[in-house]
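To keep things clear, I will list the structure first and then write my remarks on it.
Where a number appears in this text, it was derived from the coordinates with a stated rule and is not lab data. Quick caveat: nothing in here was measured; it's all calculated off a predicted structure. Every residue, glycine among them, receives a Cβ derived from its backbone with ideal geometry; neighbour counts consider all protein chains shown.
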Amino acid sequence: MAEPIPFSAALRERSSSAHSGSEHAGFMSDLMQGKGTRDDYVALVAQHWFIYEALEAVTERMRRDPVASVFISDKLTRLPALEADLAFLLGSDWRERIEPLPTTRRYVERIRRVGATWPGGFVAHHYTRYLGDLSGGLFIGKLMQRQFGFDTNGIGFYVFGDIADPRAFKDVYREQLDAAPWDAAEQERVIDEVLVAYRFNTDLFVDLAAAKDSAAVVA
Ligand code: HEM
């Protein structure tokens, strides 16, 4: 009999087309191809701040949960790096100069709701962001650094100083996904929530593109 496929592999497979959708969204692919501006990059960093503020607040709450806490590591924490990036990119009054786009508001609301009540859903959001940051994110950071002439300032979000070997870290994370005590129905719900998280990320790129177009009209 064929071995059942591990949960982490099923999750990756079932979300791969959603991943392509996020990866190839116009705003993101423009940025990756050198067609984005520094302002576009800053707009993305600002939205990340709202998302990670919510994600890392619910992370604090989930530290007490026996299943979710296994996935939590201070090595992943991104909020201080995002704040340093924004101070560098926008100045010390950065907090007054940013606001969440409509998709970001909905995404944050979802993270807070799920993160208050549902460990599996929390893991879905945690996985979608941090495993992505430890994968394509590392590459995106290097590209942005080169494109906009940043040294380390401005791209701290993409630098995981406490994770020497991202591949090994991700392997352990996938082993933890495989070991989570979820039955088939719960695994399905977690996969569905990962798809929801991808949707928010793709919609955010649509919002960012629209915000850029309307700014161009005003200017
Ligand atoms: C230009 C944009 C992107 C590029 C170039 C990119 C690239 C990649 C690559 C190459 C991998 C595979 C790494 C490996 O197998 O170890 C990966 C994995 C991943 N990416 Fe992305 N990505 C992008 C955008 C995103 C976005 C927007 C998200 C969601 C927020 C995301 C979430 C993920 C996740 C969760 C994984 C891990 C999949 C798994 O192994 O289970 N990526 N990405």
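If each of SER69 and ASP93 carries a label point 7 Å out from its Cα toward its Cβ, how far apart are those two points in nm?
In this crude spin-label approximation the distance works out to 4.4 nm.
Within a Cβ distance under 12 Å of PHE200, other residues only, what is the Lys/Arg minus Asp/Glu net charge?
Values: positive: ARG105, ARG106, ARG110, ARG129, ARG199; negative: GLU109, GLU193, ASP203, ASP207.
Combined, the nearby Lys, Arg, Asp and Glu give +1.
Could you state the number of Å between the C-alpha centres of the range 1-75 and the range 95-154?
6 Å
Find the eigenvalues of the gyration tensor of the Cα atoms of the chain, then list the square roots of 5 times those eigenvalues as equivalent ellipsoid semi-axes, largest first, in whole angstrom.
They are 30, 18, 18 Å, listed largest first.
Run the numbers for GLN176 and SER135: contour at 0.36 nm per residue of separation, minus the present Cα-Cα distance, in nm. Let's see the in-between values first.
Working: separation 41, 0.36 × 41 = 14.76 nm, distance 1.75 nm.
In short, 13.0 nm is gained.
In degrees between 0 and 90, to the nearest 10, how far off the longest principal axis of the chain does helix 136-148 point, with axes built from Cα atoms?
In the chain, helix 136-148 runs at an angle near 10 degrees to the longest axis.
Fewest Cβ neighbours within 10 Å first, please rank ASP85, ASP183, ASP162, ASP203 accordingly.
ASP183, ASP162, ASP203, ASP85
If you fit an axis through the alpha-carbon atoms of helix 102-117 and take the longest principal axis of the Cα set of the chain, what angle between them do you get, 0 to 90°, nearest 10?
That helix lies at roughly 30 degrees to the long axis.
Report relative contact order for the range 7-213 in percent, whole number only (criteria: Cα-Cα under 8 Å, sequence separation at least 6).
Here the relative contact order equals 37 percent.
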